[in-house]
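Read-outs: derived from the displayed coordinates by stated rules, not from any lab. Remember, predicted model here, so these are calculated numbers, not experimental data. Virtual Cβ from ideal backbone geometry, glycine too; neighbours counted across all protein chains shown.
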Amino acid sequence: MGEFAAARVTPGMRLGLGTGRTASAFLDALEPRVRQGLVVSAVCTSQATERRARSMGITILPDTGEGLDLDVDGADEVTRELDLIKGAGGAMVREKIVAERSRRFWVVADATKRVGRLGERAALPIEVLTFDWAGTQRRIEGICQLRTRLRGGQEPFISDNGNLVLDADLAGCSEPWRELAQRLAEVPGVVGHGLFLGLATAAVISDGLRVEVLGDLEDSR
């Protein structure tokens, strides 16, 4: 899957680089081309991704500027309509910023991430300020069930932004996703969440034997 996306990167592209195993696989596939002289620049969605991109010789952009040509990232869940849950790596706020400011946003995922309905397998990550986070959690619990994410099973998970990440269970939620996204965004203390609705322009799904493309790789915003 990483090879499929990396092969379509062209010289001079301004890239958005996601976080996690999918982003790492994309960089693995892109690295030989960069070593051979492919010149690209990027905005990275996590410190780990930025360290890796710098080590490859990719120019790191300070911001998205007038926009990015292509953002490549993974997803925890993806529907046929290209709605997503993201944020298992805790970088969904930066990932959403980069996705929204990219002309094309490709999701690269294995077939296990394909779902008929969001929330079937993955929790919904919600990033909240550490200031009065328990109060924010109580407000969110009026909307959906929550649990505090732990790093290594012990310490609360803190994002690169210095905020706490909570996980919401959507299994019993019947509310339309756009309404849920709006309600969560309106809770004071919520920085962002992992519902990515209408942002992806294409998804590249692999079952290990074949690659299926949802949407259009050439679509742009």
**Study point:** Cα long-axis angle, helix 21-35 against the chain (0 to 90 degrees, to the nearest 10)
**Key:** 20
Exercise for review: Just rank Cys144, Cys173, fewest to most, by other beta-carbon atoms within 10 angstrom.
Suggested key: Cys173, Cys144
Exercise for review: In whole Hz, with x marking every Gly and Pro, tabulate ³J(HN,Hα) for the stretch 138-146 from phi via Karplus 6.51 cos²θ - 1.76 cosθ + 1.60, θ = phi - 60°.
Suggested key: 4, 5, 5, 5, x, 10, 7, 6, 10
**Study point:** Helix 47-56 vs. the chain, principal-axis angle (Cα, 0 to 90°, nearest 10)
**Key:** 10
Practice item. May I have the pair-distance distribution P(r) for the stretch 124-191, computed from all Cα-Cα distances with 10 Å bins from 0 and rounded to whole percent? Key: 21, 56, 22, 1
Exercise for review: Output ³J(HN,Hα) for the stretch 166-180: one whole-Hz value per residue in order, computed from phi by the Karplus curve 6.51 cos²θ - 1.76 cosθ + 1.60 with θ = phi - 60°, and x for Gly and Pro.
Suggested key: 9, 10, 9, 8, 9, 4, x, 8, 9, 5, x, 4, 5, 5, 4
Exercise for review: Please name which of Leu30, Trp177, Ala75 has its Cα lying farthest along the dipole of the chain towards the positive end, using unit charges on Cβ (Lys, Arg +1; Asp, Glu -1) and the Cα centre as origin.
Suggested key: Leu30
Check your understanding: Which whole-number percentage describes the relative contact order of the chain, with Cα contacts under 8 Å and a sequence gap of 6 or more?
Key -> 22
Exercise for review: Note down the net charge around Asp73, summing +1 for each Lys or Arg and -1 for each Asp or Glu among other residues with Cβ under 9 Å from its Cβ.
Suggested key: -1
